[in-house]
Structure formats: C-alpha cells, structure tokens
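Beneath this line is the structure, given in structure tokens, with notes to follow.
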Amino acid sequence: MNPSPDRRSLLLSALALASCAGGDTRAQSAPVRPLRETLPFPIGTAIMTGQLDDSQHAVLTRTHFSQLTPEWELKMEYVLQADGSYRFDAPDRLAAVAQANGQRFYGTTLVWYSQENPAFQALDGRRDAFVSAYRHYILQVCRRYAGRAVAWDVVNEPVAEDGAGLRTHLWSRNLGEVGHMVAAFRHAEEADPAALRVLNEYHLESRPAKRATLLRLTERLLAADAPITCLGTQTHLGLDQDPRQITETLRLLGGFGLPIHVSELDISVQAASPFTPVAELLDRQARLAGAVLEALMALPERQRFALTLWGVRDRDSWLRGPAGGRPLTPDRPLLFDDDGQAKPAFHALAGRARS
Ligand code: XIL
C-alpha cells in the first residue's frame, strides 16, 4: 500500500535530514560525506546567531564545516556602540558553538571602510584621541577571543573598486593611507600574537587591476614591517568567471609564501540568462567550485589556510538580500539548496579525496 500523503512527506523529510547528517542518502543521486572529513584543509562557513535555532542549519554546519566565521556580529557595526561601549553577546555565542562543535573560530573584521562607526566619527580630526581609540578597539576585540580565534581579518577591502589605488575613509584620513593598516596589524599582534593576521580583498579573480594593486599594497605593508601573516581572497564569483584567473590569483597571492584563505566563497548564478535551465546553471557553478578547490590544492600544503563558504544553504546567502528587496529569481550561490540538499557544487568539493 502506498503511504498516505502525510506519511510520505514525513518519510521524505526524514530522508532529507538523514542526508544532511551524512547518513542514508536515498533521496540523493550521490552519497553525502562530511566535507570536513573529506577535504585536506579546513572548510568554513559564515554564520549568524539567528540561525542557531534552525535544526537543519545546525546539523549541516556541524557535519560539514570545521570553521565558523561570524557573518556580521563581530564587525564594528555590531560590536561598537555610538557611546563607545562594546557588545559581545552574539559573537560570544558563536565562539561557544564553534568550541562545542570542535570547530575553529575566525574573526572578521577589524578595519573595514564600509562601516564608519559613529563612535569614531565623533573623533574625526582629533588625532591623539583617534590614535588611542583605534588601538583600544583592536586590543579589546582581539584580546577577548585570544586563544579562541584562529585568525582575524585585520584589514578588509582596502583597494578602490576600479583597482586604481586605495580607498579613502575615516581611518585613512585620520591615520594615513598605509599608516592605519600598519598600525592595525601591529595592534592585532600585540593583542593576540598567536592568531593569524589577514589582509582580505575581493574581486581579485575578475579584476586584474585590483589584484595588481593588492599585490603592490602587500609588498608595501610587509616592507613597512606590518605583521601580516595570511592573505585572504573573498572569492565572490559569478558564472562568467574565467577559472584560469582563479588559479592565477591564488598563485600570485601564494608568491609571498604566506597561508592563503579563500574567505567568502559564493558563486552567483544570477547574471545568467533567465531561460538557462537550472541544471545547467548548477553544473557550471559546480565546475567553478571545483576550480577553486584545485587552485587551493595547487598551493603547498602549509599555505592552504582554509576554504570558507559565505553561508550554508542558498536561502542563507546575503545575495538573497533583505526580505522585500529580493529579486524575482532568487540566487543560488552556495553548496546546499533551500531545503538543505547537497547541490552539484557540494559534490564537486566532496569528490576530492584527501591526498
Ligand atoms: C556581509 C554580510 O554577509 C552581511 O550579512 C552584512 O550585513 C554585511 O556584510 N564582503 C565582506 C563581508 O567582507 O564581510 C560581507 O558580509 C560581504 C562582502
């Protein structure tokens, strides 16, 4: 006898959950093995406290990922209040989850042009006060997670959008174009010498001019004795990405001999024609995910810091935008679909045996 509709849907959701946990995968075409056990380097995801009560998200996160990055709640916008006080409730919860799951905890981000904080704006032009508040902020935040954070994005997105030079913002105006970065790396080292200190940038794979500027900046910072110990490439890709430029980017970044972090991987399928069949989009996405993996594997083992996805399921992605502002065709940029099922991009990563 066929199961009743209710029993059928119960059965199907049980199968879906089992596949999330890496168990029986009859609902899938290929078996789902835990990524964190399959890949020869740490595999991370971004996470927010709002996702902690979602059991499907929790199962996927602890099964497949060995590193957690707070997606938003360790940024200055969250941590530093207008009156100069600090708030650590959410990042503390995420650090505790990482510890309970046996995962590394990754801090982002200390200095980011995009979040000009009111507490710092109030000090604009008052050099001594600004210098001291800047150091205080970095020490407070890094020290709190000393011994827990494996690394910090110390400076995020320093290069101008078109690649012609560096961004200008509150911190560069008050502390110098390069000086504010050197100081940030030194303060982070003072606060937590054991955590890696990362210079992180995006669109290095699609914009050669931006990549060239980032490479020159890295040279300048190292020459000025900024204690950078890792380089990050966010790797927010589109389907039109030339895979050779992914390899080239990791090769060039790797030339400094530092560990490399693919720090925010997602692959948007949005720009493709709306009439392209979904299966084809997902297949092209999977090929690019495979190219990222191969590019990381081409680095010496000691330089493969981690591969971090910028979210777990497609519906968790920042590219979906806030509710209300969502595009008609929702993007599908991550490894798991809206129902938590592994996508072809997942299998492109999971298929790579430990070497
Ligand atoms: C984004 C998060 O995804 C959002 O939730 C948050 O509101 C803003 O930041 N580059 C970065 C990330 O370095 O920190 C950004 O994350 C995405 C782009």
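Key figures
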read-out	value
Peptides ranked, highest mean first, by Cβ atoms within 10 Å: ranges 65-74, 151-160, 341-350, 171-180	151-160, 65-74, 341-350, 171-180
Contour excess over end-to-end distance, with Cα ends at A119 and D338 and 0.36 nm allotted per residue	75.0 nm
Cα gyration tensor category, rounded, prolate or oblate, for the stretch 86-216 with a/c compared to 1.5	oblate
Under-5 Å amide H pairs with T308, H placed in peptide plane, nonlocal only	G44, V262, S263, E264, L265
Of every Cα-Cα pair in the stretch 192-254, the percent that sits beyond 14 Å	58
Under-5 Å amide H pairs with C230, H placed in peptide plane, nonlocal only	R197, L199
In order through the stretch 232-242: 3J(HN,Hα) via Karplus (6.51 cos²θ - 1.76 cosθ + 1.60), integer Hz, x for Gly, Pro	x, 10, 4, 6, 7, 10, x, 5, 7, 5, 6
Mean shadow area of the chain, taken as a quarter of the surface of its Cα convex hull (nm²)	19.1
Hz values of 3J(HN,Hα) by residue in the stretch 129-144 - Karplus curve (6.51, -1.76, 1.60), Gly and Pro given as x	5, 5, 4, 6, 5, 4, 5, 4, 4, 5, 5, 4, 6, 5, 5, 4
Likely footprinting exposure, V79, V97, fewest C-beta neighbours within 10 Å first	V97, V79
Alpha carbon centroid spacing (whole Å) that separates the stretch 111-136 from the stretch 227-284	33
Distance between modelled label sites at A164 and Q81, nm, 7 Å Cα→Cβ extension	4.4
Label-point separation in nm, V278 to R143, each point 7 Å along Cα→Cβ	5.1
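We did not get these values from a lab; they are worked out from the coordinates using the rules stated. The structure displayed is predicted, hence computed values, not measured ones. Heads up, the Cβs are rebuilt from the backbone with ideal geometry, glycines too, and the neighbour counts pull from every protein chain shown.
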